[in-house]
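Asker: Could you have a look at this structure, given as structure tokens, before my questions?
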Amino acid sequence: MYKKTAKKLLKFIQKSPTAFQAVEEMSQRLQKEGFKELKEEKHWDLKAGGNYFVTRNHSAVIAFSIPKKPAWKFHIMASHSDSPALKIKENPEMEVEKAYIKLNVERYGGMLLAPWFDRPLSVAGRLIVRKNGEIQEKLVAVDKDLLVIPNLAIHMNREVNDGYKYNVQKDMLPLYSDYDGKGSFMKLMAAEADVAEEDILGHDLFLYDRTPGTVWGANEEFISAPRLDDIQCAFASLEGFLRGERKESIAVHCVLDNEEVGSTTKQGAASTFLKDTLMRINMGLGRTQEEYLMTLADSFMVSADNAHALHPNHTDKTDPVNRPVLNGGIVIKYNANQKYCTDGVSAAIFKDICDRAEVPYQTFVNRSDMAGGSTLGNISNTQVPMKTVDIGLAQLAMHSVYETTGAKDTESLAKAAAVLFA
């Protein structure tokens, strides 16, 4: 079963080169499963027994199911749709001595830069266009090898293997065409969206890695792919959400955006998107503000964002005893300074969920002399305070353009999510 789930994950990743396509893929699947799309700007007519979803910015989505006999608590699994990448700037084309055209880009998120070199890249995201007298959003994903960021030959920098500090403005600009391609980039984007170039009013476009995901290892025990952080958790959350019976609580599958740049956007964990949605569910079912607060007090959230695995070549970078490994099960993440919001209570609840799902779990704590990253759990809690555990799936090369994880672990999280959403 886990191999089937792993291959399904890779297909989902291939169709999700940016957060916009990931949310579109999830939205289409929810509609096929009978979920009704709601619009934030319109009235919500909610009913017990109903299944619904709502998006914000086309890069964040919240799906929820209301039992026929509602139990007044929310069970939530929250993940994020974005990954570190290179974002295309305005007026992107840059001439190089009337020989080449390259594209102007900037860094999005805390990314490992070196792996982006010498591999097939393309462009995906969205265009904002004027069409039929209206401003519309068009998703684009150029399905061909379009760009490469070429390395400088070692003959021209013989000390490169002793360490090199990459400058995004100088080193990371992708080669797009020879000089004959001048002026064609936005024409290509317009053709992808089936609009005239002059009707493009804005864009959010990113480079993406074209290398297909793969299952590998002596026993096919590993998978590698772009954007595993955090599409793997978002995918597993949706799998478990749809497998679960969703009768014991108001089940909520939540995928937020912009975690990689701090979550402080209208569609991020620091926004009111989750809070607004939960409050509208409460009001739509005729509940008072006090009853909403009572519901939060009895609710539980799983913040799902991938975790660092023990590295085979750098075992000294991991805590002496909390050493998660690929295929070792779901990782429960702890931090005394609340970069992760796990505490004794929320960890116990989640361990019980894993036991009932019959899946393994393991623990991650940073070395005490190393700073770690944060995630969306503690940020979300400032808007919707409830018992929350931070978890993830163990991976190597986090924030690389091509990451590695265990083939078994996606299925483990899907099974645990199905119990959460029982």
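The values are calculated or read from the model by the stated rules, or taken from the named source; none is laboratory data. None of these values were measured; they are calculated from a predicted model. A quick note on method: Cβ atoms are made from the backbone with ideal geometry, for glycine too, and the neighbour counts reach across all protein chains shown.
Asker: From the list GLY268, GLY286, which one is assigned to a loop (DSSP other than H, G, I, E, B), without any contact (Cβ under 8 Å) to a residue 12 or more places away in the chain and more than 14 Å from THR405 (Cβ to Cβ)?
Answerer: The match here is GLY286.
Asker: A further question on this structure: Restricting attention to segment 188-202, which residues are modelled with pLDDT under 95 and among the β-branched types (Val, Ile, Thr)?
Answerer: Selection gives VAL195 alone.
Asker: Which residues, counting only those in segment 77-121, are aromatic (Phe, Trp, Tyr) and assigned to a loop (DSSP other than H, G, I, E, B)?
Answerer: Passing the criteria: only PHE117.
Asker: Conditions: (1) in contact (Cβ under 8 Å) with a residue 40 or more places away in the chain; (2) closer than 22 Å to ALA418 by Cβ; (3) of a type outside the set (Lys, Arg). PHE20 meets all but one. Number of the miss?
Answerer: Among (1) in contact (Cβ under 8 Å) with a residue 40 or more places away in the chain; (2) closer than 22 Å to ALA418 by Cβ; (3) of a type outside the set (Lys, Arg), PHE20 violates only (2).
Asker: Please find, among ILE379, ILE349, ILE353, the residue that is at pLDDT below 95, in a helix (DSSP H, G or I) and assigned by TED's automatic domain parsing to the domain that holds GLY406.
Answerer: ILE379
Asker: Additional query: Name the residue, out of ALA336, ALA394, that is among the small types (Gly, Ala, Ser) and modelled with pLDDT of 95 or more.
Answerer: Exactly one residue qualifies, and that residue is ALA394.
A quick yes/no check of all residues on (1) touching a helix residue (DSSP H, G or I) at 6+ places or on another chain (Cβ under 9 Å); (2) of a type outside the set (Val, Ile, Thr); (3) within 18 Å of ASN327 (Cα to Cα):
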site	(1), (2), (3)
GLY344	no, yes, no
ALA348	no, yes, no
PHE364	no, yes, yes
SER380	yes, yes, no
VAL389	yes, no, no
THR404	yes, no, yes
THR410	yes, no, yes
ALA416	yes, yes, yes
ALA422	yes, yes, no
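Asker: Looking for something touching a strand residue (DSSP E or B) at 6+ places or on another chain (Cβ under 8 Å), of a type in the set (Lys, Arg), outside any loop (DSSP other than H, G, I, E, B) and closer than 28 Å to VAL23 by Cα - is there at least one such residue anywhere in segment 135-149?
Answerer: yes
Asker: Among the residues of segment 87-120, write down those that are among the aliphatic types (A, V, I, L, M) and more than 18 Å from HIS203 (Cα to Cα).
Answerer: VAL96, ALA99, ILE101, MET111, LEU112, LEU113, ALA114
Asker: Any idea which residue in segment 382-417 is surrounded by the most Cβ atoms within 10 Å (Cβ to Cβ), counting only those that are among the aliphatic types (A, V, I, L, M) and more than 30 Å from ALA218 (Cα to Cα)?
Answerer: VAL389
Asker: Here is a further query. Kindly indicate whether any position in segment 55-76 is assigned to a strand (DSSP E or B), in contact with a Gly (Cβ under 7 Å, 6 or more places away or on another chain) and surrounded by 15 or more Cβ atoms within 10 Å (Cβ to Cβ).
Answerer: The answer is no, given that none of the residues of segment 55-76 is assigned to a strand (DSSP E or B), in contact with a Gly (Cβ under 7 Å, 6 or more places away or on another chain) and surrounded by 15 or more Cβ atoms within 10 Å (Cβ to Cβ).
Asker: Quick one: in segment 308-347, which of the residues that are among the polar types (S, T, N, Q) and surrounded by fewer than 12 Cβ atoms within 10 Å (Cβ to Cβ) is nearest to ASN219 (Cα to Cα)?
Answerer: Ranking the qualifying residues of segment 308-347, first place goes to ASN313.
Asker: Let me ask something additional. Test each condition in (1) modelled with pLDDT under 95; (2) surrounded by 10 or more Cβ atoms within 10 Å (Cβ to Cβ) for GLU159 and report the one that comes out false.
Answerer: (2) is the only condition that GLU159 fails.
Asker: Residue under question is GLU239, and the condition is that it be among the acidic types (Asp, Glu) and over 18 Å from the mean Cα position of the chain (by Cα); does it hold?
Answerer: no
Asker: Among the residues of segment 125-134, are any at pLDDT 95 or above, touching a Lys or Arg at 6+ places or on another chain (Cβ under 6 Å), within 28 Å of TYR179 (Cα to Cα) and in a strand (DSSP E or B)?
Answerer: yes
Asker: I'm trying to understand the selection: among the residues of segment 309-337, which are in a helix (DSSP H, G or I) and polar (S, T, N, Q)?
Answerer: THR315
Asker: Just name the residue that is surrounded by the most Cβ atoms within 10 Å (Cβ to Cβ) out of those in segment 356-376 that are among the hydrophobic types (A, V, I, L, M, F, W, C) and at pLDDT 95 or above.
Answerer: The extreme case among them is PHE364.
Asker: For segment 121-130, does any single residue satisfy the condition of being more than 30 Å from ILE379 (Cα to Cα), under 25 Å from the mean Cα position of the chain (by Cα), among the hydroxyl-bearing types (Ser, Thr, Tyr) and surrounded by 15 or more Cβ atoms within 10 Å (Cβ to Cβ)?
Answerer: yes
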